[in-house]
Amino acid sequence: MLKYLVALTITVTVMSVSFAKNTTKDFQKQKISNEEYRMIVFQDCQQVLVEPLNDQQLSSYLALTTLSKKMKQLEKPVDKVSAQMSRLGKQIEALSSKAFVEHDGKLTIDKTLLAKQKKISNQLSTLASNHEDDFKALEKQGKKIELAANNFESLIAPLIGDIKNSHIQILKSGEPVKPCNLLSTYS
């Protein structure tokens, strides 16, 4: 059960930082000028490049942001469940350490604590089962985001060129540049 909890926690974490595939035809319907968006690249917190996004880059970026917004919605119920699952997992661990005690070379097993542990394990299993669809939806969305991010990255990589360990911002026209320390690193 604890392995299942750890696997679910890892899956949720990976999916929260993953990104997914471009769905450009949906976004081409939007009448947004690529001149409204620009990419600013920083290296060592020094601005080294400013480029407008072309139509393909913009469509890919908008697809990614839409998928990311949906991911945030899907994360809300999972965040609540994950907190409950984490609490139950910690209770199980605490009971396990108390249920098995070695003293003077003898192993003592407290069956009352094992019964409590089993009860909490069952609660954890039920909670996980009741929210299995939420976890699957989150995982599916994470895969979509990963594909979209890879697509967007492939479209902007030629602009970035040899600039390594860069920080990137995608901004709408008139949107202020954020401080460099708040940006993600592109390697």
Per-pair calculated FRET efficiency, R0 = 25 Å: residue 65 and residue 177 via Cβ, rounded to 0.05: 0.85
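Around residue 124, with a cut-off of 11 angstrom between Cβ atoms, what is the net charge of the other residues, counting Lys and Arg +1 and Asp and Glu -1?
On the way: positive: 87, 90, 118, 119; negative: none.
Here the charged neighbours net out to +4.
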Computed label-point distance, nm, for sites residue 163 and residue 51 using a 7 Å Cα→Cβ extension: 0.9 nm
Tensor-based shape of the stretch 103-187 (alpha-carbon gyration tensor, a/c under 1.5 rounded, otherwise prolate or oblate): prolate
Within-11-Å neighbourhood charge of residue 98 [Cβ basis; K, R +1; D, E -1]: -1
Net +/- balance of residues flanking residue 156 in space, Cβ distance below 12 Å, scoring K and R +1, D and E -1: -1
Gain on full stretching of the segment that runs from residue 125 to residue 101 - 0.36 nm per residue minus C-alpha separation: 6.0 nm
Where labels lie 7 Å past Cα in the beta-carbon direction, separation of residue 43 and residue 80 in nm: 4.8 nm
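Values in this text are rule-based calculations from the coordinates and carry no lab data. Remember, predicted model here, so these are calculated numbers, not experimental data. Positions of Cβ are backbone-derived with ideal geometry, glycine not excepted, and every protein chain shown enters the neighbour counts.
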